[in-house]
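Beneath this line is the structure, given in structure tokens, with notes to follow.
The values are calculated or read from the model by the stated rules, or taken from the named source; none is laboratory data. Just so it is clear, the structure is predicted and the values come from calculations on it, not from any experiment. Here the Cβ positions follow ideal geometry from the backbone for every residue, glycine too, while neighbour counts run over all protein chains shown.
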Amino acid sequence: MTVALKFIHIVAIAIWSAGLIALPGLYVQRAHVRDEDDLFRLQNIVRYSYVAIISPAAFIAVASGIALIFLQQTFDAWFSLKLTFVGVLAIFHTLTGLVIVRLFKDGEIYPVWRFMLTTALTAAVALTIVVIVLVKPQLDVSFPSFVSEPGALRDMLETISPWTIP
């Protein structure tokens, strides 16, 4: 079962990352489309890709990743680093959705410099995730002792909260 879940996870991440890397290439086409029908067709392709392919792949990638956490009990420092970059990829995903909403209004274009920057950053984040997972670097992270003490968060909040904390 773990092998099948890993396979699903890897495929979903590949689709999610590839989609986020490829979409800016479609955005640039917005500047070259003059015909109303072609613009509508481009808008349909972009929105369908985002809503029907990339977003479900992101959901499956995250859900299968969470399931793998519980199956494999991965609690190493490298895994926290990986999750940080997955969070960055999720932020890129959200920003991509916002671009799609704005891009197809009258007079909007997507500059080539933004295409190059977005594509490079997204590819770099996806590659970083892959490298972290494959290398599993040994990170020497030492947390303060209060982080692992039961009730420490309550004690910290009591010092700044004006209300009584039960």
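Report, ordered by the first and then the second residue, all pairs with beta carbons closer than 7 Å, sequence separation of six or more or different chains, a first member in the range 62-85 that is free of Cβ contacts under 8 Å to residues at least 40 places away in the same chain and closer than 18 Å to Leu139 by Cβ, and a second member that is assigned to a helix (DSSP H, G or I) and of a type outside the set (Val, Ile, Thr).
No pair meets every condition.
From the list Arg30, Arg34, which one is of a type in the set (Lys, Arg) and not in a helix (DSSP H, G or I)? Explain how you work it out, then say what you get.
Working: Arg30 fails: not in a helix (DSSP H, G or I).
Exactly one residue qualifies, and that residue is Arg34.
Determine the pairs where a residue that is closer than 17 Å to Arg47 by Cβ and basic (Lys, Arg), located within the range 86-106, has a partner that is modelled with pLDDT under 95 and surrounded by 11 or more Cβ atoms within 10 Å (Cβ to Cβ) with Cβ atoms under 9 Å apart, the partner being 6 or more residues away or on another chain.
Short answer, once both residue conditions are applied: Arg102/Glu108.
For the list (1) under 18 Å from Ala14 (Cα atoms); (2) without any contact (Cβ under 8 Å) to a residue 60 or more places away in the chain; (3) of a type outside the set (Ser, Thr, Tyr), I need the number of the one condition that Leu117 fails.
Checking Leu117 against (1) under 18 Å from Ala14 (Cα atoms); (2) without any contact (Cβ under 8 Å) to a residue 60 or more places away in the chain; (3) of a type outside the set (Ser, Thr, Tyr), the one that fails is (1).
Could you tell me whether the range 90-110 includes any residue that is in contact with a Pro (Cβ under 9 Å, 6 or more places away or on another chain), under 26 Å from Ala61 (Cα atoms) and at pLDDT 85 or above?
Pass one, the range 90-110, residues in contact with a Pro (Cβ under 9 Å, 6 or more places away or on another chain): 96, 99, 110.
Then keep just the ones that are under 26 Å from Ala61 (Cα atoms); that gives 96, 99.
Narrowing further to those that are at pLDDT 85 or above: 96, 99.
For the range 90-110, residues in contact with a Pro (Cβ under 9 Å, 6 or more places away or on another chain), under 26 Å from Ala61 (Cα atoms) and at pLDDT 85 or above: present.
Could you check Ala123 against (1) surrounded by 15 or more Cβ atoms within 10 Å (Cβ to Cβ); (2) touching a helix residue (DSSP H, G or I) at 6+ places or on another chain (Cβ under 6 Å) and say which number it fails?
Unmet condition: (1).
Of the residues Thr128, Thr159, Thr94, only one is surrounded by 14 or more Cβ atoms within 10 Å (Cβ to Cβ) and β-branched (Val, Ile, Thr); which?
Details: Thr159 fails: surrounded by 14 or more Cβ atoms within 10 Å (Cβ to Cβ); Thr94 fails: surrounded by 14 or more Cβ atoms within 10 Å (Cβ to Cβ).
That would be Thr128, the only listed residue that is surrounded by 14 or more Cβ atoms within 10 Å (Cβ to Cβ) and β-branched (Val, Ile, Thr).
Checking the condition β-branched (Val, Ile, Thr), under 12 Å from His9 (Cα atoms) and part of a helix (DSSP H, G or I), which residue from Ile54, Ile45, Ile66 passes? Write out each step before concluding.
Values: Ile54 fails: under 12 Å from His9 (Cα atoms); Ile45 fails: under 12 Å from His9 (Cα atoms).
Answer to the check: Ile66.
Taking the range 39-60, which residues are of a type in the set (S, T, N, Q) and closer than 17 Å to Arg102 by Cβ? Can you show your working first?
Looking only at the range 39-60, we keep the residues that are of a type in the set (S, T, N, Q), and these are 43-44, 49, 55.
Passing the criteria: Gln43, Asn44, Ser49.
Looking only at residues that are of a type in the set (A, V, I, L, M, F, W, C) and free of Cβ contacts under 8 Å to residues at least 12 places away in the same chain in the range 42-58, which one is surrounded by the most Cβ atoms within 10 Å (Cβ to Cβ)?
Of the residues in the range 42-58, the ones of a type in the set (A, V, I, L, M, F, W, C) are 42, 45-46, 51-54, 57-58.
Now drop any that are not free of Cβ contacts under 8 Å to residues at least 12 places away in the same chain, which leaves 51-52.
Working: Val51: 12, Ala52: 10.
This residue is Val51.
Let me spell it out: the conditions are (1) closer than 20 Å to Leu121 by Cα; (2) surrounded by 15 or more Cβ atoms within 10 Å (Cβ to Cβ), and Gly25 meets all of them except one. Which number is the exception?
Failed condition: (2).
Just the residues that are without any contact (Cβ under 8 Å) to a residue 24 or more places away in the chain and either touching a strand residue (DSSP E or B) at 6+ places or on another chain (Cβ under 9 Å) or over 27 Å from Val133 (Cβ atoms) (or both), please, taken from the range 1-41.
Once the filter is applied, which keeps residues that are without any contact (Cβ under 8 Å) to a residue 24 or more places away in the chain and either touching a strand residue (DSSP E or B) at 6+ places or on another chain (Cβ under 9 Å) or over 27 Å from Val133 (Cβ atoms) (or both), the range 1-41 yields Leu26, Gln29, His32, Val33, Arg34, Asp35, Glu36, Asp37, Asp38, Phe40, Arg41.
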